[in-house]
1. Only one of Leu19, Leu43 is more than 26 Å from Ala57 (Cα to Cα) and within 12 Å of the chain's Cα centre (by Cα); which?
2. Taking only pairs six or more apart or across chains, which ones have beta-carbon atoms under 6 Å, a first residue in the range 22-50 that is of a type in the set (Ser, Thr, Tyr), and a second residue that is in a helix (DSSP H, G or I)?
3. So, of the residues in the range 16-42 that are in a helix (DSSP H, G or I) and basic (Lys, Arg), which turns out to be surrounded by the most Cβ atoms within 10 Å (Cβ to Cβ)?
4. If I filter the range 1-15 down to residues being surrounded by 13 or more Cβ atoms within 10 Å (Cβ to Cβ) and farther than 12 Å from Leu52 by Cβ, which single residue comes out as farthest from the chain's Cα centre (by Cα)?
5. Find the residue count for the range 39-55, including only residues that are of a type outside the set (A, V, I, L, M) and farther than 14 Å from Ala16 by Cβ.
6. Among the listed residues Leu52, Leu17, identify the single one that is modelled with pLDDT of 95 or more and not aromatic (Phe, Trp, Tyr).
Amino acid sequence: MTLQARLDALKERHAALELRIADEDQRPRPDSETLTRLKIEKLRVKEEMERLRTQTA
């Protein structure tokens, strides 16, 4: 997998997590454990994207 392909996949994953977080947050009784897990995963994806970007710069 090329670096750009990896970054694109991470961007898609990040966007999907953002949608899942928004969906969960809009529920009448959001599950705080699920929200926390999704937010942590989203942060890890963001950190991975930043790491890859700084490696190429």
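1. After applying the criteria, what remains is Leu19.
2. Sorted first by the residue in the range 22-50, then by its partner, the pairs are Thr34/Glu24.
3. Lys42
4. Checked the range 1-15; the qualifying residue farthest from the chain's Cα centre (by Cα) is Arg13.
5. Quick first cut of the range 39-55, residues of a type outside the set (A, V, I, L, M) only: 39, 41-42, 44, 46-48, 50-51, 53-55.
Of the ones still in play, those that are also farther than 14 Å from Ala16 by Cβ are 47-48, 50-51, 53-55.
Of the residues in the range 39-55, 7 are of a type outside the set (A, V, I, L, M) and farther than 14 Å from Ala16 by Cβ.
6. On the way: Leu52 fails: modelled with pLDDT of 95 or more.
Criteria check complete, one pass: Leu17.
The values are calculated or read from the model by the stated rules, or taken from the named source; none is laboratory data. Please read all numbers here as calculations on a predicted model, not as lab measurements. Cβ atoms come from the backbone with ideal geometry, glycine included; neighbour counts cover every protein chain shown.
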